[in-house]
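*Asks:* I have a structure I would like to understand better, so I am pasting it below and will then ask my questions one at a time.
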Amino acid sequence: MKAKGFEGMTCSVAHVLSAIGDRWGAIIMRDLLLGLARYDDLRQSTGITNNTLADRLRALEGNGLIEKRQYQTRPDRYEYLPTEKGKDLGLVVMAMIQIGDKWNLSELAGPPLRVVDRSTGHPAILRVVDAVTGEALPPQNLALAAGPGADEVTRWRLAVGKTR
């Protein structure tokens, strides 16, 4: 049975998930954001089947997250590079890294990846900051509010969530 899509849903989270596609799309985007670009490297890194990898790459390209560039002829070979839209997912990937490291479900000796400042190499963490003052906000101070694009369902979700 095919899962229901997110078409028509007024939700930024649903739109991002729809663009990524599924867990394989997320893992492929992780690797592309790490700098892997060639099909064989993506295949080796993930262990994904050829059919699934080809299908996910087509979907990510169709959703504007990656672009396909030829790097060789005879035989034709391509590399896959994140677009600006795809690079935006770097924040999502870094947030997932930070959360995954905190949870440490595999009981690893330490984080498999670290987010660092590119110029200094110093460790970095993601934080939410006040858009006006630039001050870091503690998680307990954060809430969601209706934005200008909110529809009636979004407003209902917020209203019901507030009462519970």
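*Asks:* In whole percent, how big is the carbon plus sulfur part of the accessible area of region 65-134, probe 1.4 Å, protein atoms only?
*Replies:* Percent of accessible area from carbon and sulfur atoms in region 65-134: 54.
*Asks:* Using a 1.4 angstrom probe on the protein heavy atoms only, line up Met29, Met96, Met9 by accessible area, largest first.
*Replies:* Met96, Met9, Met29
*Asks:* At 1.4 Å probe size, what's the solvent-accessible area of Asp151? Round to the nearest 10 Å².
*Replies:* 50
*Asks:* Would you look at the GNM of the chain, springs on alpha carbons closer than 10 Å, and say which of Leu17, Leu137, Leu36 moves the most?
*Replies:* Leu137
*Asks:* Using the heavy atoms of the protein chains alone and a 1.4 angstrom probe, what is the accessible area of the chain per residue in square angstrom?
*Replies:* 77
*Asks:* When only DSSP loop residues count, what GluC sites (Glu not before Pro) in region 103-164 have their Cβ near at most 15 other Cβ atoms within 10 Å?
*Replies:* Here the GluC sites (Glu not before Pro) that fit, given the DSSP loop and packing criteria, are Glu107, Glu135.
*Asks:* Any idea what Rg and Dmax come out to for region 1-152 if you just take the C-alpha atoms, in Å?
*Replies:* Spelled out, the Cα radius of gyration and Dmax of region 1-152 are 18.2, 58 Å.
*Asks:* To the nearest Å, what is the center-to-center distance of region 116-138 and region 72-107, using C-alpha atoms only?
*Replies:* Each part's Cα centre sits 20 Å from the other's.
*Asks:* Still on this structure, please answer the following. Can you pull the percent of region 1-42's accessible area that's carbon plus sulfur, 1.4 Å probe, other chains left in place?
*Replies:* It is 60 percent, rounded to a whole number.
The values are calculated or read from the model by the stated rules, or taken from the named source; none is laboratory data. This structure is a prediction, so every number in the text was calculated from the model and none was measured. FYI the Cβ positions are ideal-geometry reconstructions off the backbone, even for glycines, and counts take in every protein chain you see. Remember, those area values only see protein heavy atoms, side chains included, never the ligands or the DNA or RNA. Shrake-Rupley method; radii C 1.70, N 1.55, O 1.52, S 1.80 Å.
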